[in-house]
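Input: a single structure, listed below in structure tokens.
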């Protein structure tokens with residue numbers, strides 16, 4: 001897929017896994033929360049994982065999945081407070097800042113569009129300081145639908161004026177790219193190195209990059225070419 005930046009007016013970017021290292025989230029939900037839940041419920045860490053992982057899976061593709069208030073009530077834990085215990089793991093992926101600077105200097109509208117809860121956003125924006133690079137930040141909780149819902153991208157236009165044919169979306173979720181594709185967003189880019197702890201895997205369905213320098217012309221060519229599956 002060739003990306004000519006002259007054909008793009010709007011850039012929509014996911015947060016966790018796309019701009020930020022998902023190692024923080026994976027470690028928090030898969031290791032740290034089970035550790036704290038086990039201690040509070042006088043059970044083994046493995047039993048806690050078995051129980052919690054099933055609960056987590058039951059809320060996939062819903063707003064509850066990222067709702068810290070929901071999980072605080074469901075697990076009887078102060079989830080925002082527990083996040084502070086491991087906030088040192090929050091990190092921006094390599095080349096993200098360079099890409100955000102390029103997009104701003106190119107005069108494009110740039111929006112952070114995330115499923116993340118407002119309390120997660122507050123913590124990560126304070127920690128990373130990337131908020132000022134965006135024209136705005138929209139959470140799925142404001143929209144009322146998760147990005148996995150095919151209706152999300154249409155309803156997003158109540159918050160952001162954008163032409164799907166002149167929009168680029170960067171995501172580490174193939175499910176979210178698929179729903180965006182159904183709304184005819186033209187430039188869909190899968191971020192394969194969503195965590196610093198994994199080996200990246202190319203998408204079978206979408207053009208794939210590991211880092212955002214692949215989309216910056218000065219690192220490549222005037223019209224950026226990325227491999228399509």
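The values are calculated or read from the model by the stated rules, or taken from the named source; none is laboratory data. Everything numeric in this text was worked out from a predicted model, so none of it was measured. FYI the Cβ positions are ideal-geometry reconstructions off the backbone, even for glycines, and counts take in every protein chain you see.
One table, with the values for the structure above:
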{"read-out": "Flag if residue 105 is at pLDDT 95 or above, surrounded by fewer than 18 Cβ atoms within 10 Å (Cβ to Cβ) and over 28 Å from residue 162 (Cα atoms)", "value": "no"}
{"read-out": "Within the range 187-208, tally of residues that are in contact (Cβ under 8 Å) with a residue 24 or more places away in the chain and either under 20 Å from residue 10 (Cα atoms) or assigned to a helix (DSSP H, G or I) (or both)", "value": "5"}
{"read-out": "Which numbered condition residue 13 fails, given (1) loosely packed, with under 14 Cβ neighbours inside 10 Å; (2) within 20 Å of residue 127 (Cβ to Cβ)", "value": "(1)"}
{"read-out": "Subset tally (residues that are under 15 Å from the mean Cα position of the chain (by Cα) and outside any loop (DSSP other than H, G, I, E, B)) for the range 137-151", "value": "5"}
{"read-out": "Residue check, residue 184 in contact with a helix residue (DSSP H, G or I) (Cβ under 7 Å, 6 or more places away or on another chain), at positive phi and surrounded by fewer than 18 Cβ atoms within 10 Å (Cβ to Cβ)", "value": "yes"}
{"read-out": "Of all residues making up the range 164-179, the number that are under 16 Å from the mean Cα position of the chain (by Cα), assigned to a helix (DSSP H, G or I) and either more than 27 Å from residue 24 (Cβ to Cβ) or in contact (Cβ under 8 Å) with a residue 60 or more places away in the chain (or both)", "value": "2"}
{"read-out": "Test: residue in the range 108-116 that is part of a helix (DSSP H, G or I), buried (at least 22 other Cβ atoms within 10 Å of the Cβ) and in contact (Cβ under 8 Å) with a residue 40 or more places away in the chain", "value": "no"}
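Residue-wise test of (1) within 27 Å of residue 96 (Cα to Cα); (2) touching a helix residue (DSSP H, G or I) at 6+ places or on another chain (Cβ under 8 Å).
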{"site": "3", "(1), (2)": "yes, yes"}
{"site": "8", "(1), (2)": "yes, yes"}
{"site": "11", "(1), (2)": "yes, yes"}
{"site": "22", "(1), (2)": "yes, no"}
{"site": "44", "(1), (2)": "no, yes"}
{"site": "52", "(1), (2)": "no, yes"}
{"site": "66", "(1), (2)": "yes, yes"}
{"site": "74", "(1), (2)": "no, yes"}
